[in-house]
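Here the structure comes first, spelled out in structure tokens, and everything after it is commentary.
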Amino acid sequence: KEGESLNKIRRDARLVRRRLRRRRQRLLKLRRLFKRVGLLKHQNEIFEQASFVSPWQLRTEGLDRKLSSYEWASVLYHLVKHRGFQSNRKSELKNDEDKKMGEMLGGITENQVLLAQYRTVGEMAWKDERFAFAKRNKGGSYSHTFSRTDLAAELRLLFARQRQSGNPSTDDYFERDVMSLLM
């Protein structure tokens, strides 16, 4: 009746399964990388350590002080897990037929303007009052959407600051591998 494909429900479910499977595999590769470089003793240690410090706070503190190996792993895991939005479209908005995409891009643009006052996305989300109650999108609102390029810039800055602080888990190969998982 509405002109939609008869297979739309199945296709949408398949796309969600695919996205979740890829995310699970990306995070598994990251945990294995942590173990391989010696950041954690075993790949599931990140879940076993009880930490009451927010990863957003650690992302902010990582700009100014050396993080412990667990804190550093937690920051990197959080960045890769919540890696932001990156469009693969040739032209972002051909017309107004894609309202959701327009709202998402509007949220990214607003956050990029706000980001000029802060060093990184993590610091903005931790310190700005707009993000005091929720760091993630809620109820169909896309006001807390971040661009993946901004998160990649934060990752590069965090690696540079941790190198300056003397963190041993910051070599170029490790940074390249984490960056490839983020992107």
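The values are calculated or read from the model by the stated rules, or taken from the named source; none is laboratory data. Note that the structure is a prediction, hence the values are computed from the model and not measured. Positions of Cβ are generated from backbone atoms using ideal geometry, with glycine treated the same way; all protein chains shown enter the neighbour counts. Side chains are part of the model used for accessible areas, which takes the heavy atoms of the whole protein and leaves out ligands, DNA and RNA. Shrake-Rupley method; radii C 1.70, N 1.55, O 1.52, S 1.80 Å.
So which of K29, K41, K35 is over 17 Å from the mean Cα position of the chain (by Cα), open to solvent by 20 Å² or more (accessible area, probe 1.4 Å), modelled with pLDDT of 85 or more and of a type in the set (D, E, K, R)? Show your work before the answer.
Working: K29 fails: over 17 Å from the mean Cα position of the chain (by Cα); K41 fails: modelled with pLDDT of 85 or more.
Exactly one residue qualifies, and that residue is K35.
Return the pairs, sorted by first residue and then second, in which the second residue is modelled with pLDDT of 85 or more and open to solvent by 30 Å² or more (accessible area, probe 1.4 Å), the first residue lies in the stretch 156-182 and is closer than 13 Å to R36 by Cα and part of a helix (DSSP H, G or I), the beta carbons are less than 8 Å apart, and the residues are 6+ apart or on different chains.
Hits for this filter: F174/V37.
Consider S54 carefully, then state whether it is surrounded by 12 or more Cβ atoms within 10 Å (Cβ to Cβ), of a type in the set (G, A, S) and at pLDDT 80 or above. Spell out the reasoning first.
Details: surrounded by 12 or more Cβ atoms within 10 Å (Cβ to Cβ): yes; of a type in the set (G, A, S): yes; at pLDDT 80 or above: yes.
Yes: the conditions hold for S54.
All but one of (1) outside any loop (DSSP other than H, G, I, E, B); (2) farther than 21 Å from M183 by Cα; (3) at pLDDT 75 or above hold for A125; which doesn't?
(2)
Six or more apart or on different chains, Cβ atoms under 9 Å: show the pairs whose first residue is in the stretch 1-25 and over 23 Å from L182 (Cα atoms) and whose second is modelled with pLDDT under 90 and not in a helix (DSSP H, G or I).
Final answer for the pair search is R11/S5.
Collect the residues in the stretch 1-29 that are in contact with a helix residue (DSSP H, G or I) (Cβ under 8 Å, 6 or more places away or on another chain) and under 30 Å from S74 (Cβ atoms), keeping them in residue-number order. Full working, then the answer.
The first filter runs over the stretch 1-29 and keeps only residues in contact with a helix residue (DSSP H, G or I) (Cβ under 8 Å, 6 or more places away or on another chain), leaving 5, 23, 26-27, 29.
Across the stretch 1-29, the qualifying residues are R23, R26, L27, K29.
Quick one: which residue in S147, S87 is within 20 Å of R26 (Cβ to Cβ), at pLDDT below 70 and open to solvent by less than 80 Å² (accessible area, probe 1.4 Å)? Steps first, answer last, please.
Details: S147 fails: at pLDDT below 70.
Only one candidate qualifies: S87.
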